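Report on one structure; see the data block that follows.
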Ligand SMILES: Nc1nc2c(ncn2[C@@H]2O[C@H](COP(=O)(O)OP(=O)(O)O)[C@@H](O)[C@H]2O)c(=O)[nH]1
Ligand SMILES: [Mg+2]
């Protein structure tokens, strides 16, 4: 798959609270026959895990159909059925990050304030570096006080180079310089951190499209990946953010942050269904190593896993 390897343990840790909602389901289902009451309970649990109204309805309808057709009848069959249905939803979806075949590969990171952009940039940089790739960071959030310094601290800690401008300066100028530097130094990946809030939504979106066009002028087809960082704890609010950003920036994938802090991991499903956007990476903590490639198989297992 992508340029990261999935580690089941960390994802399970991240999803442990979602799993609590659905683990209870396994116990509830044991020894029961399927009936409308049981389907209602399944529906409630899926909804509280934030799987989303649409996906939940489809899953429960599929269950009911197979039950009425006599294909399933016992509670024990329900979880395997749900897992198979959930996995099926990712068939044919490309979850890989833009491969680093061209030099430099440009990854633009966008999202609202506090969603975890800067931390996620650090995580991606750390993973790439661990794979032996060279990375350059562009501190294009010149809007928020302290934002440049925050990324600079990461760059020092991770031993990754940074291009910055002045606080309050033009982020397009930072990106312009960073693209030049990335080309001159021949780095593998240029990672661009951006502002999450400007005076108006309009000016934020205008700025993002300006950054995109500066990048595209310097580097063919850049940005090669535009990751929208969504805070998993925001639940359905995350969906609304995704709608706003996909209108302005050509988002190619989601970095779902803070999955460690929520019982709402099911939102991965809702994003997939409602936005048609794949979650490519998940954040499961505040450290640079707390990142995982999103793997549907692991995710679905983790949703229902017993906690140890
Ligand atoms: N628990 C947890 N905290 C996170 C994660 N990602 C980011 N954070 C925290 O969320 C806060 C905002 O992150 P930051 O990267 O500054 O967000 P930005 O404003 O979008 O750049 C910080 O306190 C981060 O440490 C994550 O995956 N898990
Ligand atoms: Mg930031």
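None of the figures in this text is laboratory data; all of them are computed from the coordinates on show. What you see is a predicted model; the values in this text were computed from it and never measured. Cβ atoms come from the backbone with ideal geometry, glycine included; neighbour counts cover every protein chain shown.
Values computed for the structure shown
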{"quantity": "Å³ per residue enclosed by the Cα convex hull of the stretch 18-144", "calculated": "159"}
{"quantity": "Highest-first arrangement of 31-41, 206-216, where packing means the average Cβ count within 10 Å", "calculated": "206-216, 31-41"}
{"quantity": "Directionally averaged projected area (convex hull, Cα atoms, the stretch 45-104), nm²", "calculated": "6.1"}
{"quantity": "C-alpha long axis of helix 171-185 to longest principal axis of the chain, angle in °", "calculated": "80"}
{"quantity": "Radius of gyration and maximum dimension Dmax of the chain, Cα, Å", "calculated": "20.8, 67"}
{"quantity": "Mean separation of Cα contacts under 8 Å (6+ apart) over length of the stretch 124-254, as relative contact order %", "calculated": "23"}
{"quantity": "Considering only the chain, percent of DSSP beta bridges that pair antiparallel, nearest 5", "calculated": "15"}
{"quantity": "Inverse of mean 1/r across different Cα pairs in the stretch 233-299, Kirkwood, Å", "calculated": "12.2"}
{"quantity": "Cα-based Rg and Dmax for the stretch 100-152, where Dmax is the largest Cα-Cα distance (Å)", "calculated": "11.8, 35"}
{"quantity": "Tilt relative to the chain, helix 147-158 - C-alpha long axis, 0 to 90 degrees, to 10", "calculated": "80"}
{"quantity": "Column: log10 I(q)/I(0), Debye, Cα scatterers of the stretch 158-308, q = 0.20 Å⁻¹", "calculated": "-1.32"}
{"quantity": "Tilt relative to the chain, helix 16-29 - C-alpha long axis, 0 to 90 degrees, to 10", "calculated": "10"}
{"quantity": "Value of Rg/Rh across the stretch 101-202 [Cα atoms, Kirkwood radius]", "calculated": "0.95"}
{"quantity": "Part-to-part distance (alpha-carbon centres) for the stretch 37-53 and the stretch 273-300, which is given in Å", "calculated": "22"}
